[in-house]
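Asker: Please find one structure pasted underneath; my questions will follow.
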Amino acid sequence: MIKSEYFEIHELVPELMYHQIKEEVLWRLIPINLIHTIDAIKFHYPNGHMTINNYEWGGDRHWSGLRLAGQPFYSSTSQHSYLRATDSIFNKYNVSDIRRYIIKNPKQFPYIGGLELNVSWLHTDIRPRIHDRILTFGKPLSKIK
């Protein structure tokens, strides 16, 4: 069983799942490429916090990993619904700078297939790349060359 080096399972799954399913079972549900991706981002941006879900610490982030049908922000077409996406916030880094770096250095993050632009969080997902390019969606970032 592969676990994240930096994150606990409750940071990736909804609270209901976390309290009803054994941790080792939950880790087996997480795609290895998602674990490698979040660990690679945290390794590259080691200072401060990279927060996905923080409900176990009394925070307000509950839906930044897996989203289940009937829960807030669920969409059947979202990568979150298939445990292929996370939304992260950082307290020591600018998210736009992180996005720019990932777009300019895709080989350092080989499993990222999608990035959402111009939001206050870092949405990364592990959808397959087409022609080895990361899909960006939302309004385009300026000055990416």
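Read-outs: derived from the displayed coordinates by stated rules, not from any lab. Computed from a predicted structure; not experimentally measured. Every residue, glycine as well, gets a Cβ built from its backbone with ideal geometry; the counts of neighbours run over all protein chains shown.
Asker: Would you list, by chain and number, the aspartates and glutamates whose Cα falls below 19 Å from the Cα of Lys139, excluding same-chain residues fewer than 8 positions away?
Answerer: Asp87, Asp97, Glu116, Asp125
Asker: Report the local net charge at Arg84: Lys and Arg +1, Asp and Glu -1, summed over other residues whose C-beta lies under 12 Å from its C-beta. Present the calculation step by step, with values, prior to reporting the outcome.
Answerer: Values: positive: Arg67, Arg127; negative: Asp125.
The answer is +1.
Asker: A follow-up question, please. Mean separation of Cα pairs under 8 Å and 6+ residues apart, divided by the residue count of segment 9-137: what relative contact order is that in percent?
Answerer: Relative contact order here is 22 percent.
Asker: Roughly how many whole Å is it from the C-alpha centroid of segment 71-145 to that of segment 35-52?
Answerer: So the separation of the two Cα centres works out to 13 Å.
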